[in-house]
Amino acid sequence: MIQRILVAISIPFFFLLQSCVFTYMKLGDIVPNFMVLIACIYGFFYGEKTGAICGFFCGLLIDIFFSPMLGMNALIIMLIAYINGGFSDLFYAEDIRLPMILITLSDVSYGLMYYIIAFLLRGRLGIGSYILNVIFPEVFYTLLVSLVIYPILLGIDTLFKNYRIRKEREKQDV
């Protein structure tokens, strides 16, 4: 229950952070992709189902406010978060390498899938320029931000897990 509340609160929070705060902190006209970031993190924290649901709502917010096609970002981010959820069995809180690798690959995958759906199918073939000017800077910026965001979300998640374990032990002791 607490994890659902955490996910439900963090989706609009990080959406506002991405769309309002970080628009003033652009690096080379690039903003970090918080929606892919938190969908990936919650995917490998809580599994495929929670990751997919989180990814769907993250993408839906982007679609509603910024995209001309409703559902495109929701589908892409939901798929990416679902795949990240498959790595939840390999997840160890002490190891930061796997989450950083998955976030990087997820952001690259998001950029490529977005390019294919939004540009390539319309006959725009400048993929080299798109990769160099949009995907790589966004991946770099998202990875830098994830080095700060990931430990915070991990700490909050660990705090709630410890609270839940303590409550379960109290119920067993009674």
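Residues checked against (1) aromatic (F, W, Y); (2) within 28 Å of T158 (Cα to Cα); (3) at pLDDT 90 or above:
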residue	(1), (2), (3)
V21	no, yes, yes
L27	no, no, no
Y42	yes, yes, yes
I80	no, yes, yes
Y92	yes, yes, no
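Would you check which residues across the stretch 63-78 are in contact (Cβ under 8 Å) with a residue 40 or more places away in the chain and among the hydrophobic types (A, V, I, L, M, F, W, C) and list them? Step through it out loud before you land on a result.
Looking only at the stretch 63-78, we keep the residues that are in contact (Cβ under 8 Å) with a residue 40 or more places away in the chain, and these are 65-66, 69, 72-73, 76-77.
Answer for the stretch 63-78, where residues must be in contact (Cβ under 8 Å) with a residue 40 or more places away in the chain and among the hydrophobic types (A, V, I, L, M, F, W, C): F65, F66, M69, M72, I76, I77.
Kindly indicate whether L132 is without any contact (Cβ under 8 Å) to a residue 40 or more places away in the chain, surrounded by 14 or more Cβ atoms within 10 Å (Cβ to Cβ) and not aromatic (F, W, Y).
In short, no.
Scan the stretch 91-119 for residues that are part of a helix (DSSP H, G or I) and under 19 Å from F66 (Cα atoms) and report the count.
Initially, the stretch 91-119 is screened for residues part of a helix (DSSP H, G or I), giving 97-118.
Now narrow it down to the ones that are under 19 Å from F66 (Cα atoms): 107, 110-118.
Selection size over the stretch 91-119: 10.
Between S19, S106, which is crowded, with 20+ Cβ neighbours inside 10 Å, touching a residue at least 40 places away in the same chain (Cβ under 8 Å) and of a type in the set (S, T, N, Q)? Lay out the reasoning, then the answer.
On the way: S19 fails: crowded, with 20+ Cβ neighbours inside 10 Å.
None of the other options fit; the residue is S106.
Within the stretch 165-172, is there a residue that is over 16 Å from the mean Cα position of the chain (by Cα) and acidic (D, E)? Don't jump to the end; show me each part of the working.
Going through the stretch 165-172, the residues over 16 Å from the mean Cα position of the chain (by Cα) turn out to be 165-172.
Restricting the remaining residues to those that are acidic (D, E) gives 168, 170.
So far as the stretch 165-172 goes, yes, one or more of its residues are over 16 Å from the mean Cα position of the chain (by Cα) and acidic (D, E).
Yes or no: L154 of a type in the set (A, V, I, L, M), over 25 Å from N73 (Cβ atoms), modelled with pLDDT of 85 or more and surrounded by 11 or more Cβ atoms within 10 Å (Cβ to Cβ)?
yes
Pull out all pairs, ordered by first then second residue, where Cβ-Cβ is under 8 Å, the residues are six or more apart or on different chains, the first lies in the stretch 154-174 and is farther than 23 Å from R97 by Cβ, and the second is in a helix (DSSP H, G or I) and at pLDDT 85 or above.
From residues that are farther than 23 Å from R97 by Cβ, the pairs are F160/L6.
Here is a check on your reading of the model: is I127 more than 22 Å from Y92 (Cβ to Cβ), more than 14 Å from the chain's Cα centre (by Cα), at pLDDT 90 or above and not hydroxyl-bearing (S, T, Y)?
no
Only one of (1) at pLDDT 85 or above; (2) farther than 18 Å from L98 by Cβ fails for L147. Which number is that?
Looking at each condition in turn, L147 falls short on (2).
The values are calculated or read from the model by the stated rules, or taken from the named source; none is laboratory data. Given the structure is predicted, the values throughout are model-derived calculations rather than measurements. Please note: Cβ atoms are built from the backbone with ideal geometry, for glycine as well, and neighbour counts cover all protein chains shown.
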